[in-house]
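Below is one structure, written out as structure tokens, with a few remarks after it.
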Amino acid sequence: MKQYMLGVFQPDGPTPDAAFLEPLMRDLAALRADMHDAGVFVFSAGLCPPDTATVVRAGDNGVLLTDGPFTEGKEHLGGFTVIQAENLDAALKWAARMATITTLPIEVRPFQG
């Protein structure tokens, strides 16, 4: 089976309060359990805010380190889940469930190889 990344893009800004996040996190845990039961779950992780990022660039004068995200935008990759699925259509069905729970855009990308 091919592996796919389901990337969760969230808007920049403060973290929503616990009252908003609690049911969402409960529903995501149920989705993760369903993924485990279906044998598609590989792993998932949340990321720290974009202001914790460090960008490393190689150039003619050596390596340059800069604080902050690689690109400026109104949203950022907040976390991801890696699944293995028979095909893109199957991965998109899992992403649709995730998008419904989070109300956030989910980018689905296959791994190479």
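Results, tabulated for the structure shown:
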{"quantity": "222 nm mean residue ellipticity, helices alone, for the chain (DSSP H n ≥ 4; -39,500 (n - 2.57); rounded to 500)", "calculated": "-11000 deg cm²/dmol"}
{"quantity": "Global form of the chain, assessed from the alpha-carbon gyration tensor, a/c cut-off 1.5", "calculated": "oblate"}
{"quantity": "Residue-span extension gain [LEU65 to ALA38] - 0.36 nm each, minus C-alpha spacing", "calculated": "5.5 nm"}
{"quantity": "FRET efficiency for ASP27 and ASP51, using Cβ-Cβ distance with R0 set to 30 Å, rounded to 0.05", "calculated": "0.60"}
{"quantity": "Long-range HN-HN contacts of LYS2 with modeled amide H, under 5 Å", "calculated": "ALA85"}
{"quantity": "Quarter of the Cα convex hull surface for region 7-59, i.e. its orientation-mean projected area (nm²)", "calculated": "5.7 nm²"}
{"quantity": "Derived scalar couplings ³J(HN,Hα) [region 48-56; Karplus, 6.51 cos²θ - 1.76 cosθ + 1.60; whole Hz; x for Gly, Pro]", "calculated": "5, x, x, 6, 8, 6, 10, 9, 10"}
{"quantity": "Protection-proxy order for peptides 78-85, 8-15, each taking the mean of Cβ atoms within 10 Å per residue, highest first", "calculated": "78-85, 8-15"}
{"quantity": "For peptides 104-112, 43-51, sequence by mean Cβ density within 10 Å, most packed first", "calculated": "104-112, 43-51"}
{"quantity": "Amide H contacts under 5 Å for ASP12, placed H, 5+ residues apart", "calculated": "GLU75, HIS76"}
{"quantity": "Net charge contributed by nearby residues that have their C-beta within less than 13 Å of LYS93 (K/R +1, D/E -1)", "calculated": "-2"}
{"quantity": "Between helix 88-102 and the chain: long-axis angle, C-alpha atoms, 0 to 90°, nearest 10", "calculated": "80 degrees"}
{"quantity": "Under 5 Å, built H, 5+ apart or other chain: amide partners of ALA53", "calculated": "GLY68"}
{"quantity": "Principal-axis tilt of helix 18-38 within the chain, Cα atoms, nearest 10 degrees", "calculated": "70 degrees"}
{"quantity": "Residue with peak Gaussian network fluctuation, the chain [Cα springs, cutoff 10 Å], from LEU21, LEU77, LEU65", "calculated": "LEU65"}
{"quantity": "Mean separation of Cα contacts under 8 Å, 6 or more apart, over the residue count of the chain: relative contact order %", "calculated": "49 percent"}
{"quantity": "Region 15-92: GluC sites (Glu not before Pro) in DSSP loop, at most 15 other beta carbons within 10 Å", "calculated": "GLU72, GLU86"}
{"quantity": "Region 48-99 - Rg and Dmax from Cα coordinates, angstrom", "calculated": "16.6, 47"}
{"quantity": "Selection of trypsin sites (Lys or Arg not before Pro), region 1-103, meeting DSSP coil and at most 16 other Cβ within 10 Å", "calculated": "LYS74"}
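A short reminder: the numbers here are calculations on the coordinates, not readings from a lab. Because the structure is predicted, anything quoted here is derived from the model rather than measured. Here the Cβ is made from the backbone with ideal geometry for all residues, glycine too, and neighbour counts use every protein chain on show.
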